[in-house]
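Scroll down for the structure; my scribbles are underneath it.
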Amino acid sequence: AAMGELLKALPSLGKLADLLEEQAPATPVVSAEPEMIPILPGGFMQKEAKVKSVSWPALFEPRHLLCGADGNAVAALTPHGFGAFVPTGQAGMETVEAQPFALEGLGELGPLAGAAWAEKGLELITEAGDLLHCPGHQPGEFGAWRCGASSGKARLPVPEGVKLVAAAMRATGAGRFAAMLLDHMPGSVALVSEDEDGWSPMGEVHLPPGTAAAGFRPGLSFSGEELLIMTPNGEVHRRHFQHGPAPSHLPPFVSQSRREYRGACGMPSGVARLALSPMPRPNGGMAWGPELLMPED
């Protein structure tokens, strides 16, 4: 009943700005123009990203990239809950074997709009706004990782008939924060926080120009106190909760130009990126396959 009342109260998240002006929150609403960070001189550029040599599962086209807290592994996920672990702690560029797994419990809740690797396990967000938790840091027997309803409010404040294009979750001891990009508001990301009364608006962040291009789903993730936004060219824009925009992680300098960027996540040495690119098949022809671009140590 409480969730129903919340959804009725939020027929359009476009009213977030009005609510924020009335509530005067600590986190400011940032307009589109100040958010854009100019291209920085070479001395301030992000370290060059390198494509890590990974043996991926066959026919695997992930959309979400999750970084472990210790920086020694990442997980790639498809919208329907198939995933692969990739160890990233080894030095050098030797080929590593991705370990496949599958999420149990996603079922009919729908495709994933976002996911995060938190202190107590995986946090999942479906396109409808349902929240799930997968405890632990590795799957169980036969590669199955059991997931269930998340503690606290089990859904984000997504209006009826609206879907999440992308989402991110940040779990802290004081509560949870979420970023939501809804299909009827493609130009801005709504920020909400959870307290004992449910979800409350924190503000909104306008997407960089060109990010809402037709067919592109911006990758959203949290890294500490920052929201990371992946753009079509691989640039990762950063928005700090309190301090606003921060210098962007510039597009990686690699030779492959045909690349579809999917997501990014923060690591101790920088930002890891997930992309799809055309790769040769063993029996001839080309197929799209995943690439993991790591910041150089």
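The values are calculated or read from the model by the stated rules, or taken from the named source; none is laboratory data. This is a predicted model, so every value here is computed, not measured. FYI the Cβ positions are ideal-geometry reconstructions off the backbone, even for glycines, and counts take in every protein chain you see.
Residues in region 138-158 that are within 22 Å of residue 175 (Cβ to Cβ) and of a type outside the set (Gly, Ala, Ser): 147, 153, 155, 156, 157, 158. Within region 207-231, being assigned to a loop (DSSP other than H, G, I, E, B) and at pLDDT 90 or above holds for 207, 217, 218, 231. Report, by residue number, each residue of region 182-206 that is surrounded by fewer than 20 Cβ atoms within 10 Å (Cβ to Cβ) and either part of a loop (DSSP other than H, G, I, E, B) or among the aliphatic types (A, V, I, L, M) (or both). Answer for region 182-206, where residues must be surrounded by fewer than 20 Cβ atoms within 10 Å (Cβ to Cβ) and either part of a loop (DSSP other than H, G, I, E, B) or among the aliphatic types (A, V, I, L, M) (or both): 183, 184, 185, 186, 187, 196, 197. Residue by residue through region 199-215, note down the ones that are over 13 Å from residue 227 (Cα atoms), in contact with a Pro (Cβ under 7 Å, 6 or more places away or on another chain) and not hydrophobic (A, V, I, L, M, F, W, C). Listed by number, the residues that qualify are 210, 211. Contact annotation: residue pairs with Cβ atoms under 8 Å, 6 or more positions apart or on different chains, pairing a residue in region 214-234 that is within 19 Å of residue 170 (Cβ to Cβ) with a partner that is assigned to a strand (DSSP E or B) and among the aromatic types (Phe, Trp, Tyr), are 219/261; 222/177; 228/222; 230/261.
Taken over region 271-287, the criterion of being over 30 Å from residue 68 (Cβ atoms) and either of a type outside the set (A, V, I, L, M, F, W, C) or not in a strand (DSSP E or B) (or both) is satisfied by 280, 281, 282, 283, 284, 285.
Scanning region 50-64 for residues that are outside any loop (DSSP other than H, G, I, E, B) and under 14 Å from residue 100 (Cα atoms) yields 54, 55. Region 74-168 holds strands (runs of 3 or more DSSP E) entirely within its bounds, and those carrying 2 or more residues that are within 22 Å of residue 222 (Cα to Cα) map to 82-87, 112-118, 121-126, 131-135. Selection within region 281-295: residues that are in contact (Cβ under 8 Å) with a residue 60 or more places away in the chain and farther than 20 Å from residue 78 by Cβ. The member of this set that is surrounded by the fewest Cβ atoms within 10 Å (Cβ to Cβ) is 295.
Among the polar types (S, T, N, Q), at pLDDT below 70, in a strand (DSSP E or B) and more than 26 Å from residue 89 (Cβ to Cβ), is that true of residue 257? So residue 257 fails the test. If I ask for residues that are buried (at least 20 other Cβ atoms within 10 Å of the Cβ) and in contact with a Cys (Cβ under 9 Å, 6 or more places away or on another chain), which ones from region 118-132 would you list? Within region 118-132, 122, 123, 124, 132 meet the criteria.
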